[in-house]
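Step one of this worksheet: look at the structure below.
Readers should treat all values here as calculations from the given coordinates under stated rules, not as data from a laboratory. These numbers were taken from a predicted model, which means no experiment stands behind them. Backbone-built Cβ (ideal geometry, glycine too); neighbour counts: all protein chains shown.
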Amino acid sequence: MGVGRTAWQASLATALLLVGCAPGDADTTDPAWEDGAPVPAEASVDDDVGPRPGVDAALPPDDGPVALPDAPPALDAGAAALLDAVTPAPIDASTMMAVDVAPAPVDAGPSAPVLPELRCRVQSTTYDAAMQELDVGPSSSARLRFTLPGIPAGVTAAALRYTSFDADHPGEEGVITLNGQRFQMLANTAWDNVTVPEHRVDVSGAVVAGDNVVAFGPGPLPRSFFRVGRVALEFTARVERCPDAATPMPTPVDAGTPAGPVVERTIGYRAATYTQRGNWVFRCDANYAYTARGDHAAEDCTGGYDPDGTLRGTATFTFTNVTAATYDVLIGSRHSSNRNDMRALFTVNGEGLRIDQRTGDGALAIVTDLWGRRALSGTVRVVLDATRNSGSDSVSFVTLRPVR
């Protein structure tokens, strides 16, 4: 009776132990291990929690050996059942997504060669003829016309070149028309009765292929008077060669700063360029020129004195290829008490300063004044500008003296 009860108790303890270890019963502890720590419910098979109480440890003996319950018979797994690899159903082509496949490249052959951009010059058909003259009112339909023949297609830029005479009214002198587009004639107050060559007007965009006719017409003045000649067109174009009527032009090369020895240079009054020449007296006996009005013809050694009463005009001294250096600009002139009260205005490359020529004893001696010290190079223009006053100005020479 004791043994049977003991065996029954052992079987019951084993069953309870197995039930206690069932998954999901997280808070159960083994009755034979009441002092042990509970098994954490969240422990996974990879957690290092040590031996499991009641599973890995043997039960203590009770009244003799314990007969373990028979293990259930092993299930015969038999041959492993293979999953049925069902033949896939055919895909409805109407539901297939389109895939962008690049077309096979096609050989387009060699690319067309890019024509070179040449610089050319076409002269008008009357280029070497005498200058044409316009003398009309603002409403006149008279025009000076010049034909530029054989301009090629592909012109990328163009400039009109021409020579003018007496173009002395800026903004009002006249109008240039080329294929319906209008451009202002170039003018300067210093060009009164003066011939100025090689004007340049940008006419890019107005040129067409073939013959181009350029016309010069009057401006808004009550009377427009000027002469024009030697008209030409300089242009760049993508062509194999310049047209037959054109002269190829070399590509300009930057000459850079003139090099060479730094020397003192002087230009005398006889080598200067004058506007309103009739207002100037050339005193060859005293080596200077001055603006005047009244009876001074006997003092003029050239016969060019023919005053208009204004005492106005300009004298320009042009130095070319000046080697870069710092120079003192010196002005030689005759001083006398009746010179311009506003003082004589001299400009150097457009910068103006005035010199008082009223000092001195009035003798015929030439006085040298320092206009200023400047860094100069290339072309340097010094101008005695007597157009802004009605006094008498004089000049004998201009000197560029390098500062040593």
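Observations on the model:
- Inter-label distance, nm, simple model (7 Å from Cα along the C-beta direction), A363/E117: 6.4 nm
- Put a dot 7 Å past the Cα of E133, heading toward its Cβ, do the same for R354, and the two dots end up 3.9 nm apart.
- Centre separation in Å (Cα based) which lies between segment 333-392 and segment 142-192: 35 Å
- With the convex hull drawn over the C-alpha atoms of segment 249-404, the volume per residue is 137 Å³.
- Segment 117-248 - charge dipole about Cα centre, Lys and Arg +1 at Cβ, Asp and Glu -1, debye rounded to 20: 280 debye
- Gain on full stretching of the segment that runs from T310 to T177 - 0.36 nm per residue minus C-alpha separation: 44.4 nm
- Start at zero, step by 10 Å, and the Cα-Cα distances of segment 117-248 spread as 13, 45, 30, 11, 1 percent across the bins.
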